[in-house]
1. Filtering the stretch 40-57 down to residues that are part of a strand (DSSP E or B) and out of contact with any His (no Cβ under 9 Å at 6 or more places or on another chain), which residue is farthest from residue 227 (Cα to Cα)?
2. For the stretch 21-39, check the following and say yes or no: at least one residue is under 18 Å from residue 99 (Cα atoms) and part of a loop (DSSP other than H, G, I, E, B).
3. Can you tell me which residues in the stretch 13-28 are of a type in the set (A, V, I, L, M) and over 20 Å from the mean Cα position of the chain (by Cα)?
4. Kindly check whether there is at least one residue in the stretch 205-219 that is in a strand (DSSP E or B), closer than 30 Å to residue 1 by Cα and either charged (D, E, K, R) or modelled with pLDDT of 95 or more (or both).
5. Residue 139 is checked against (1) among the acidic types (Asp, Glu); (2) in contact (Cβ under 8 Å) with a residue 12 or more places away in the chain; (3) more than 23 Å from residue 273 (Cβ to Cβ) and fails just one. What number does that condition carry?
6. Within the stretch 195-230, count every residue that is of a type in the set (Lys, Arg), surrounded by 11 or more Cβ atoms within 10 Å (Cβ to Cβ) and more than 19 Å from residue 75 (Cα to Cα).
Amino acid sequence: MYSIYHLFRSLNKEKSSLKYIEKLDLFPFDLNLFSCRNTGVFPDFAIKINEDKSVFTGGELIELKDSKTYSVSSFNSTIPSGSKEVSSIISSKNSNIYKQMEDAGNNIESLPIREVYYLIRGQKKDNTKVCLVHGSFFETISKEDLISESFMQVFQEIMDDNDQEMNQELKSYINTVFSEQKNLSRVRNVDKASVKLRFRIMTEVKAEGNILNTSKYPEIKDNTLNFVVPCDNKKQEKDILRKYKLCFSEKELKDFSIFKIKHHFNGYFLVFQTQL
């Protein structure tokens, strides 16, 4: 079986190295779990898909975020999200990601929507926090709203705030033109210009979304490994706990503290925490 839960179990087995390895990508990952591994493009890893998806679907996408502070390192070009269409990360059947997944024996189209997780490490003096956290911790509004509202702020700074009718027309136009990241990321070729222009979006995490921030999320303690999953109701909690218990032995389960934290913008998350 393959899943984000199995990845967390493999992290737990080698957790002591998370505190000392120089770079997070040097961690001794269980490569048998992955259908692809990349450098410099999203995702860093994709977990294999299970043929029997009744309990674990697999297929999760993982991005590594490593920092020498308790700030989450910035997201370059890819806005963090809780899920992604697999077609958005595969440019063609000749792409490296597609070939890797196909070589791993995956029926790629059998799971068109993939859950996204971020493996985050922050280090501060002699302390370390590591979180395998669902992308919805950072996606508290839609990507489209984030982009269009950000551009709206730019225009409003140079416009007359009293012109409400123009503001509404401008907002509608911005939503149409700027809400799609792909419209910005294309290279633009201007006549007689000796350079080409491409806009690049960089996303930085606010304090309220920084799971490493001690004042905002004191439950995430120094020198711990944490698995953080969205959990807004009893049914979700029961399903998460069932999957968790299928991956860990009774002896291993005793090493974990299990509790909920309240996101400042986005509901509750269930946390599995163990000491590094």
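The values are calculated or read from the model by the stated rules, or taken from the named source; none is laboratory data. Computed from a predicted model, the values in this text were never measured in an experiment. All Cβ positions, even for glycine, are placed from backbone atoms using ideal geometry, and neighbour counts span all protein chains on display.
1. Taking the stretch 40-57 as the starting set, the residues that turn out to be part of a strand (DSSP E or B) are 45-47, 49.
Those still in the list that are out of contact with any His (no Cβ under 9 Å at 6 or more places or on another chain) too: 45-46, 49.
Values: 45: 17, 46: 17, 49: 20 Å.
This residue is 49.
2. Filtering the stretch 21-39 down to residues under 18 Å from residue 99 (Cα atoms) leaves 31-39.
This time we only want the ones that are part of a loop (DSSP other than H, G, I, E, B), so: 38-39.
Yes, some residue in the stretch 21-39 is under 18 Å from residue 99 (Cα atoms) and part of a loop (DSSP other than H, G, I, E, B).
3. Hit for the stretch 13-28 is 21, nothing else.
4. Filtering the stretch 205-219 down to residues in a strand (DSSP E or B) leaves none.
No, the conditions are met nowhere in the stretch 205-219.
5. (3)
6. Of the residues in the stretch 195-230, 2 are of a type in the set (Lys, Arg), surrounded by 11 or more Cβ atoms within 10 Å (Cβ to Cβ) and more than 19 Å from residue 75 (Cα to Cα).
The rows are residues; the columns are (1) surrounded by 13 or more Cβ atoms within 10 Å (Cβ to Cβ); (2) more than 13 Å from the chain's Cα centre (by Cα).
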position	(1), (2)
9	yes, yes
32	no, yes
50	yes, yes
61	yes, no
65	yes, no
78	yes, no
84	yes, no
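Residue-wise test of (1) closer than 19 Å to residue 77 by Cα; (2) among the hydrophobic types (A, V, I, L, M, F, W, C); (3) loosely packed, with under 14 Cβ neighbours inside 10 Å; (4) at pLDDT below 90.
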residue: 100; (1), (2), (3), (4): no, no, no, no
residue: 103; (1), (2), (3), (4): no, no, yes, no
residue: 112; (1), (2), (3), (4): no, no, yes, no
residue: 116; (1), (2), (3), (4): yes, yes, no, no
residue: 126; (1), (2), (3), (4): no, no, yes, no
residue: 138; (1), (2), (3), (4): yes, yes, no, no
residue: 149; (1), (2), (3), (4): yes, no, no, yes
residue: 192; (1), (2), (3), (4): no, no, yes, yes
